[in-house]
Amino acid sequence: MAQKPKVEPHVGRLGYLQALVTEFQETENQDAKEQVLANLANFAYDPSNYQYLRQLQVLDLFLDSLSEENETLVEFAIGGLCNLCSDRANKEHILQTGGIPLIINCLSSPNEETVLSAVTTIMYLSSPGSGSHPELTAMPVVQCMLRFSLSANTRLRNLAQIFLEDFCSPSQVAEARHRPADSALGIPLPRTEAPQQP
């Protein structure tokens, strides 16, 4: 992940973030886009930036970037959403603007960091007070989490097990176990089960 940029005091945080958003929208350079999106995702760590990020529609920028072919952009975008979605207002925005299918699609990414951020984001969105969003625990998602719970990646395996225990009913998990593995429609088999390189 890129280093957090230094904010010049005379520019102000909102102005600096506005400049980043403008650069992202105007540049054709993929490396520059990646750098800017990494910076915005870093700013999303800090709750004091949430209001500015909403004002500048950075949540929508992250959601739009989930459909990019560039895996690095997708990784930073889902990382940014993961950082933002513990906040109620941000969570509601993601849920109300159709973000769930875009986030679920990230479960099939070949990039492990993208998958980890997607699982964590789904857990935040499923947390109490979010209302009922059955898409988050639809059968394909539960089946995908069952596969992740067997992953060689310890972080992914642990996250998937927590999701299955805390956000799914025993009957959902039992049904997912007994369905054919290829019925997780729209979520290809994850490519995250190979042993990690030391």
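A short reminder: the numbers here are calculations on the coordinates, not readings from a lab. Given the structure is predicted, the values throughout are model-derived calculations rather than measurements. Positions of Cβ are backbone-derived with ideal geometry, glycine not excepted, and every protein chain shown enters the neighbour counts.
Details
- Label-to-label distance, nm, for residues given as residue 46 and residue 174 (7 Å Cα→Cβ offset): 5.0 nm
- Net lengthening on full extension, residue 54/residue 162 (0.36 nm per residue, minus Cα-Cα): 35.9 nm
- Full extension of the chain segment joining residue 64 with residue 89 gains 7.1 nm, where the gain is 0.36 nm per residue of separation less the Cα-Cα distance.
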